[in-house]
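Data first, discussion second: the structure below is written as structure tokens.
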Amino acid sequence: MSSDEEQPSSSTSLPPESHFIGRREDIVRAGRVSRLLNGCRDVLVLHHQGQLYAMDLRCYHAGGGLQHGDIEEFNGKLCIVCPWHKYKITLAEGEGLYQAVDNPLVRPLQTEWRSKGVKQRVHQVTEVRGDVYVTLNTRSEDVESDRYQTHKYRTDSDPTRAKT
Ligand code: FES
């Protein structure tokens, strides 16, 4: 996905196959909502510092529910921190970030933030006159979070989720 497509956009027209999520003010008030789209994809839509983002609901590592993750900045990038094992995932790209240590014998430890590449599938958010829509990212290349988009991992435990 190009950087243009990753950014939530305000528009007067909708991309094809968009799914209505809700009114912007309702999403801002809730902070985050999740939806089952097309009957097959659980997507988290969240608001942070005026921006809307959408990504697969379950973490690429082991399926943790990202709707409960904190938002923090690492290496200049806004990330959601998975509540299960604290993996960091960039909101805009779905990259997995980690702190690398090249030489564990050097004290104090010298760490550096690095990217594992895109691990979490992110989706396009479009806003039209206050209505928020998500267009699923259907690119065919595998993304690790895809594995948790099955009935096995889908539960009814999230009361904010609605089918559309
Ligand atoms: S399930 Fe998200 S960090 Fe392990």
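The values are calculated or read from the model by the stated rules, or taken from the named source; none is laboratory data. Remember, predicted model here, so these are calculated numbers, not experimental data. Positions of Cβ are backbone-derived with ideal geometry, glycine not excepted, and every protein chain shown enters the neighbour counts.
Mind checking which residues of the stretch 57-71 are more than 10 Å from the chain's Cα centre (by Cα), within 14 Å of the ligand (Cβ to nearest atom) and more than 13 Å from residue 95 (Cα to Cα)?
Taking the stretch 57-71 as the starting set, the residues that turn out to be more than 10 Å from the chain's Cα centre (by Cα) are 60-65, 68-71.
The next check asks that each one be within 14 Å of the ligand (Cβ to nearest atom); those that pass are 60-65, 68-70.
Within the stretch 57-71, 62, 63, 64, 65, 68, 69, 70 qualify.
Within the stretch 130-156, which residues are touching a residue at least 12 places away in the same chain (Cβ under 8 Å), of a type outside the set (Val, Ile, Thr) and under 30 Å from residue 29 (Cβ atoms)?
Of everything in the stretch 130-156, those that are touching a residue at least 12 places away in the same chain (Cβ under 8 Å), of a type outside the set (Val, Ile, Thr) and under 30 Å from residue 29 (Cβ atoms) turn out to be 130, 131, 133, 136, 137, 145, 148, 149, 153, 154.
Residue by residue through the stretch 90-104, note down the ones that are part of a strand (DSSP E or B), away from the ligand (no atom under 12 Å from the Cβ) and within 13 Å of the chain's Cα centre (by Cα).
90, 95
Output the number of residues of the stretch 89-101 satisfying the condition of being crowded, with 22+ Cβ neighbours inside 10 Å and either farther than 24 Å from residue 40 by Cβ or among the hydroxyl-bearing types (Ser, Thr, Tyr) (or both).
Residues in the stretch 89-101 being crowded, with 22+ Cβ neighbours inside 10 Å and either farther than 24 Å from residue 40 by Cβ or among the hydroxyl-bearing types (Ser, Thr, Tyr) (or both): 1 in total.
Give the number of residues within the stretch 13-56 that are under 12 Å from the mean Cα position of the chain (by Cα) and among the β-branched types (Val, Ile, Thr).
3
Out of (1) surrounded by 17 or more Cβ atoms within 10 Å (Cβ to Cβ); (2) part of a strand (DSSP E or B); (3) of a type outside the set (Gly, Ala, Ser), the odd one out for residue 116 is which?
It is condition (1) that residue 116 fails.
Say whether the condition of being at pLDDT 95 or above, of a type in the set (A, V, I, L, M) and either surrounded by fewer than 11 Cβ atoms within 10 Å (Cβ to Cβ) or over 15 Å from residue 133 (Cβ atoms) (or both) is met by at least one residue in the stretch 60-68.
Restricting attention to the stretch 60-68, the residues satisfying the condition of being at pLDDT 95 or above are 60-68.
Narrowing the set further to residues that are of a type in the set (A, V, I, L, M) leaves 62, 66.
With either surrounded by fewer than 11 Cβ atoms within 10 Å (Cβ to Cβ) or over 15 Å from residue 133 (Cβ atoms) (or both) added as a condition, the list becomes 62, 66.
Yes: one or more hits.
Please determine, by comparing only the residues of the stretch 72-86 that are more than 8 Å from the ligand (Cβ to nearest atom) and farther than 24 Å from residue 135 by Cβ, which one is surrounded by the fewest Cβ atoms within 10 Å (Cβ to Cβ).
76
Mind checking which pairs have a first residue in the stretch 69-85 that is free of Cβ contacts under 8 Å to residues at least 12 places away in the same chain and at positive phi and a second that is away from the ligand (no atom under 16 Å from the Cβ) and of a type in the set (Phe, Trp, Tyr), Cβ under 9 Å, 6 or more apart or different chains?
These pairs meet every condition: 76/113.
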